[in-house]
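Written out below as structure tokens is the structure these notes cover.
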Amino acid sequence: MSSSVLGNRRSGPARSRSASPTTASCQLAGTARIDLLEERKLALIAETQTLGGSWEEVGRALVVTRQAAWEKYRRRVRDMLERSAASATYSEEELLDSAADVLRAVRRRRGGT
């Protein structure tokens, strides 16, 4: 076939190899949202762990094995919890209340009173 039937692929406006500012902005916004979602996921996993949840429960929620969840998130969750604990300043009464809440939640989950 001739180039007149198919058209000349090289004709028309030149295409830039770099992304346009709009495309780059969308990519940055998308990356920021993904990072925000990942941080939220870590916070939820850390909360689950704090309330006595198991890696099995985390894995089930993420539709992966317990081992896969543990391998992917344990260090980051531990670091998040350590940073949180280091920056927190709670009174002894607040800490005891929090511990009692965690204990009650674990007992409820296990079917106890």
Requested in this report: Order the peptides 47-53, 87-93, 98-104 from the highest to the lowest mean number of other Cβ atoms within 10 Å of their residues.
Outcome: 47-53, 98-104, 87-93
Report summary line: So, with points 7 Å from each Cα along the Cβ direction, the residue 102-residue 60 label distance in nm works out to 2.2
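Laboratory data are not the source of any read-out in this text; all were calculated from the coordinates shown. The shown structure was predicted, so the numbers you read here are calculated from the model rather than taken from an experiment. Don't worry about glycine lacking a Cβ; one is built from the backbone with ideal geometry, like all the others, and counts go over all protein chains shown.
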